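Before any comments, here is the structure.
The values are calculated or read from the model by the stated rules, or taken from the named source; none is laboratory data. Predicted, not measured: the structure shown is a model, and the values here were computed from it. Neighbour counts run over all protein chains shown; Cβ positions are idealised from the backbone, glycine included.
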Amino acid sequence: MTRPIALHGKQTSLLIESDGTNAPLWLYWGPRLAGALESGPDLAAQPWARGFTLDQPLRFPLFAGYGMGWFGRSAIEAHRDGRDFAFAPDRVDLAQDAHALTIVLDDSIAQIGLRLVLALDPHTDVLSFRSTVTNRANRPLQVQWLASAVLPLPPQADRVRYYAGRHASEFEEQEDRLGKATWLRENRHGITSHDCFPGAVVATPATTESGGLTFAAQLAWSGNHCQAIEWLDDGRRQWQLGVALSPGELQLAPGASHEAPEVLATCSLRGWQGTARNFHQALRQRVTWPGGAMKPRPVHLNTWEGCYFDHDEASLIELADRAAALGIERFVLDDGWFHRRDDDTSSLGDWWPDERKYPRGLRPLADHVVARGMEFGLWIEPEMVNPDSDLFRAHPDWALQLAGRPQQLSRNQLVLDLTNPAVGDYLFDTIGRAIADLPLSYLKWDHNRDLVAAGDASGRPAYRRQVLAFYALLERFRAAFPGVEIESCAGGGGRIDAGVLSRVHRFWASDCIDAQSRLSIQRGFLQFFPPELMGSHVGAQMAHTTGRSQPLDFRAAVACQGHFGVELDIGKLDQDDTGRLRDWIAFYKDWRHLLHGDVWNGSLPDGQVWHGAGSADEWLLFVYRTAPTTQRYMPDLPLRFVDEAADYAVTRIGPGRGKADPTRIAGTWLHHAGLPTPPMKAERVAIFHGRRA
Ligand code: GLA
């Protein structure tokens, strides 16, 4: 006798079938099922098309083991010197509470235990899936692959939206049709990577921006990862996500356990936007804010693209004065402040203020910033070392390396071996000393290269343990400096994931601040992460990474989608642009409570992109024209997020626009026919405010 076991969310349910002995099976993940479901379809007993099949074939296991009648990808691949390679539980223990299910699978022959915990959040419909493997034998167990999660996709799921990219071009949206070949994405960069985001959204033919079924997942991990979607014999597909292990990387001693990082997954009935909303709501609960709650996201000034390495105390004090006059609320001193750091060829590792640029240390500048009413923040890149540094000269063995192999430089730097406790202690002590007496509110924590030949002192692969040691170091800083917010940056968006999210407060989405490029980068970011965590800055008129120029209003309006900042030499702005930037900063402050609410986005034909933020009660809508129009009349923009039953007072607003009277428009009209949009030149924006009338 089998027993269906259900977990219900707000709009979704999942069902598992177990007979208490054999591998539990995946029955269902999709729209919410009503009723108690005492009797399920009993998949294990269903007939099948015979002919060259096992007499007892195995339908879709919740967590397939190798070799015991399952011909698809295994969720666990492990062995003891080539033996004990098969896995099939002969004992299954299930424990269920209202929203979670704990399943313990034991294989008494392989002497391997698995513990799976599935928790479906009833408020957000986000499923948390965790897996742990235990070596129950008295010999070591070599683990090659342990899926963090196995997710079932129904036969109608036919395409997957995912993200490729590179430095300064993150979140390049891709879409593949799912066929019978396995769809596979793998990242071996050692960090989350710019190239391969550890998640995706699977859609059905009916999926649109705001409607239709989607299935999405993301791995909460900041290192190597792998995800695969495999077609199964019944037309469904299994989706596995997990840490990509290097050869020999994971060896479990007798009695030892290994917990894989969590997967967050969600099924939505409201298309891409519903998927984003579920993730945003769930992830917001995971950010731990100094003081217990998020305060309105302060306007940043970041010195990087305005100053680069060219620091001196007097001009930075002058910059701070200008910033304060514009209404900026947080001044972040980027790269270039520490010992002999004049360019990117030296000094990483030597974390004390440059005696030439800051003869009095950083304190006078930081005090000045605070006296002007702003918070003070500082850039660091703890995990890195330049060969030209005092640190490397003293401890060349502290870099990750493999004996006899060349050490490959990237941006002239190497990666420190954080698995060596002495390295973590050095970084904590040295950086801690540099910031201890500063009135510091913020750290921008960077990581500007990939990991190559990442061997520890014993020559073993350190990739996975490096990520864990990074998390531990971050947590050590958080504990020692509880009032400090932290930004995750890795050459822009190389370390954006749900694993680091619970330890930081902001992501630098990309080193590319070109507003056109940012529209798509930010759209990708917002598919998974909430807007208040997305660092988005107004850059110089000519974007440093692309060479394109855009008007200030367009750049600022794109920066308004996230946590707003300024990253240009504000001293070089003419009077007109200075005034406009001041107005945009005031605009962002007026509206950040809506900007950091729910968000919706999409595009119209003829070169328009839109972004809405707030709630159905009150919202802001940005309509961006990215290319010149080819039409005489602009298309209307249907707003699916408004309440069809309500009337709305809609006003065109924006910095520099006088007060206008609102127009009353029926929600049903906005929802179906759409909001008329104005003709505009390219790289212009129209902003609307809507409120329930
Ligand atoms: C990386 C970051 C930039 C800046 C530089 C400093 O590229 O993404 O924002 O901090 O490093 O070197």
Inset, instruction - Might you let me know whether region 597-615 holds any residue that is within 17 Å of G674 (Cα to Cα), surrounded by 19 or more Cβ atoms within 10 Å (Cβ to Cβ) and more than 24 Å from the chain's Cα centre (by Cα)? - result: yes
Legend entry - Residue that is in contact with an Asp or Glu (Cβ under 8 Å, 6 or more places away or on another chain) and either assigned to a helix (DSSP H, G or I) or not small (G, A, S) (or both), where the choices are D367, D350, D310: D350
Inset, instruction - Scan region 442-466 residue by residue and report those that are assigned to a strand (DSSP E or B), within 16 Å of the ligand (Cβ to nearest atom) and in contact with a Gly (Cβ under 9 Å, 6 or more places away or on another chain). - result: Y442, L443, K444
Inset, instruction - Test each condition in (1) under 19 Å from L620 (Cα atoms); (2) in a helix (DSSP H, G or I); (3) not basic (K, R) for V599 and report the one that comes out false. - result: (2)
Inset, instruction - Evaluate region 476-483: report whether one residue or more is more than 16 Å from the ligand (Cβ to nearest atom) and either crowded, with 21+ Cβ neighbours inside 10 Å or without any contact (Cβ under 8 Å) to a residue 24 or more places away in the chain (or both). - result: yes
Legend entry - Residue list for region 616-640, restricted to those being among the small types (G, A, S) and either in a strand (DSSP E or B) or buried (at least 16 other Cβ atoms within 10 Å of the Cβ) (or both): A616
Legend entry - Single residue of region 561-575 satisfying the filter (within 16 Å of the ligand (Cβ to nearest atom) and either aliphatic (A, V, I, L, M) or over 18 Å from M534 (Cα atoms) (or both)) that is surrounded by the most Cβ atoms within 10 Å (Cβ to Cβ): V566
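Name the strands (runs of 3 or more DSSP E) wholly within region 1-97 that hold at least 3 residues that are in contact (Cβ under 8 Å) with a residue 24 or more places away in the chain, within 18 Å of P152 (Cβ to Cβ) and among the aromatic types (F, W, Y)?
25-31
One line per residue, one yes/no per condition, for (1) more than 14 Å from the ligand (Cβ to nearest atom); (2) in contact with a Phe, Trp or Tyr (Cβ under 8 Å, 6 or more places away or on another chain); (3) under 24 Å from W508 (Cα atoms):
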residue	(1), (2), (3)
E305	no, no, yes
D310	no, no, yes
A323	yes, yes, yes
D334	no, yes, yes
H339	yes, yes, no
D342	no, yes, yes
S346	no, no, yes
D354	yes, yes, no
H368	yes, no, no
Inset, instruction - Just give me the residues in region 214-230 being of a type in the set (S, T, Y) and either surrounded by fewer than 24 Cβ atoms within 10 Å (Cβ to Cβ) or within 12 Å of the chain's Cα centre (by Cα) (or both), in sequence order. - result: S222
Legend entry - Residues of region 400-416 classified as under 24 Å from L378 (Cβ atoms) and in contact with a strand residue (DSSP E or B) (Cβ under 7 Å, 6 or more places away or on another chain), total: 4
Legend entry - Matching option when the condition is among the hydrophobic types (A, V, I, L, M, F, W, C) and in contact with an Asp or Glu (Cβ under 6 Å, 6 or more places away or on another chain), among A515, A462, A480: A462
Inset, instruction - Among the residues of region 88-124, write down those that are exposed (fewer than 15 other Cβ atoms within 10 Å of the Cβ) and touching a helix residue (DSSP H, G or I) at 6+ places or on another chain (Cβ under 9 Å). - result: H123
Inset, instruction - Count, please, the residues in region 331-377 that happen to be crowded, with 22+ Cβ neighbours inside 10 Å, of a type in the set (A, V, I, L, M, F, W, C) and more than 21 Å from H395 (Cβ to Cβ). - result: 10
Legend entry - So L245, is it under 26 Å from Q466 (Cα atoms), more than 16 Å from the ligand (Cβ to nearest atom) and not in a loop (DSSP other than H, G, I, E, B): no
Inset, instruction - State all residues of region 504-540 that are of a type in the set (S, T, N, Q) and closer than 24 Å to D590 by Cα; if no residue qualifies, say none. - result: Q522, S536
Inset, instruction - Could you give me the residue pairs with C-beta distances under 7 Å whose first residue belongs to region 367-386 and is at pLDDT 95 or above, whose second residue is in a helix (DSSP H, G or I) and within 16 Å of the ligand (Cβ to nearest atom) wherever it lies, and which are 6+ apart or on separate chains? - result: I380/I431; P382/I431
Legend entry - region 429-441 - residue that is without any contact (Cβ under 8 Å) to a residue 60 or more places away in the chain and hydrophobic (A, V, I, L, M, F, W, C) and, of those, nearest to the ligand (Cβ to nearest atom): I435
Legend entry - Boolean, L473 is touching a Pro at 6+ places or on another chain (Cβ under 7 Å) and either in a strand (DSSP E or B) or surrounded by fewer than 23 Cβ atoms within 10 Å (Cβ to Cβ) (or both): yes
Legend entry - Candidates L316, L301, L264, filtered to the one that is within 16 Å of the ligand (Cβ to nearest atom) and part of a strand (DSSP E or B): L301
Legend entry - Among (1) in contact (Cβ under 8 Å) with a residue 40 or more places away in the chain; (2) closer than 21 Å to H258 by Cβ; (3) among the β-branched types (V, I, T), the one test that T102 misses: (1)
